[in-house]
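Inspection log for the structure reproduced underneath, given as structure tokens.
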Amino acid sequence: MKPHVKFGLIGAGAMIIWALISYVMGNEHMETMKYPGYIVMLAVMIYTMRGAILEKRNTQGGFISFSQAFGSSAITSLITWLVYSLFSYFYFA
């Protein structure tokens, strides 16, 4: 599996689990849980994009150009947000 797909699915899974945990705890509409949710989503995105870049760099012998790193992280975040958006659509519908 390509690194950007693998880490994109990992990121989406982590954010979906966070959303389900806050639903079970009853925190999905509380104002106090807004900022911790943003921090978790930002941390997940940083972890997944960094992981995809590092794995792609390791498969290419330890070197990666800026355009390859940017493309890998962009595709990773696109996959993460597409899967999470589908989840959100069904969650709020």
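Projecting the Cα atoms of A74, Q60, L20 onto the dipole axis of the chain, where Lys and Arg carry +1 and Asp and Glu carry -1 at the beta carbon, places Q60 farthest toward the positive end. Helix 66-92 and the longest principal axis of the Cα set of the chain meet at an angle near 20°. Which percent of the accessible area of the chain is formed by carbon and sulfur heavy atoms (probe 1.4 angstrom)? Answer for the chain is 72 percent, counting heavy atoms of protein chains only.
Just by accessible area at a 1.4 angstrom probe, what is the order of V24, V44, V83 from largest to smallest? Could the numbers behind the result be given before it?
Values: V24 120, V44 25, V83 50 Å².
Largest to smallest exposure gives the sequence V24, V83, V44.
In the full protein context, the chain carries 67 Å² of accessible surface per residue, based on a 1.4 Å probe and ignoring ligands, DNA and RNA.
In order along the stretch 36-46, the Karplus-derived 3J(HN,Hα) couplings, from 6.51 cos²θ - 1.76 cosθ + 1.60 at θ = phi - 60°, round to x, x, 5, 5, 5, 5, 5, 5, 5, 5, 5 Hz, and Gly and Pro are given as x. Of S65, S73, the residue with the largest accessible area leads and the full order is S65, S73 (1.4 Å probe). For the chain, the longest principal axis of the C-alpha atoms and the axis of helix 3-25 are separated by about 10°. A 1.4 Å probe, protein heavy atoms only, puts the accessible area of F90 near 150 Å². A viscosity of 1.002 mPa s and a temperature of 20 °C, combined with the Kirkwood radius over C-alpha pairs in the Stokes-Einstein formula, give the chain a diffusion coefficient of 153 µm²/s. The largest accessible area among T48, T32 belongs to the first residue in T32, T48, and the rest follow in falling order (1.4 Å probe, all chains). Pulled fully out, how much extra length does the chain show between W18 and K2, if you take 0.36 nm times their separation in residues and subtract their Cα-Cα distance? Result: 3.3 nm gained on full extension.
The values are calculated or read from the model by the stated rules, or taken from the named source; none is laboratory data. Just so you know, these numbers come straight off a predicted model, no measurement behind them. Using ideal geometry, Cβ is built from the backbone for each residue, glycine included, and neighbour counts are taken over all protein chains shown. Note: areas computed on protein heavy atoms with side chains; ligands, DNA, RNA excluded. Shrake-Rupley method; radii C 1.70, N 1.55, O 1.52, S 1.80 Å.
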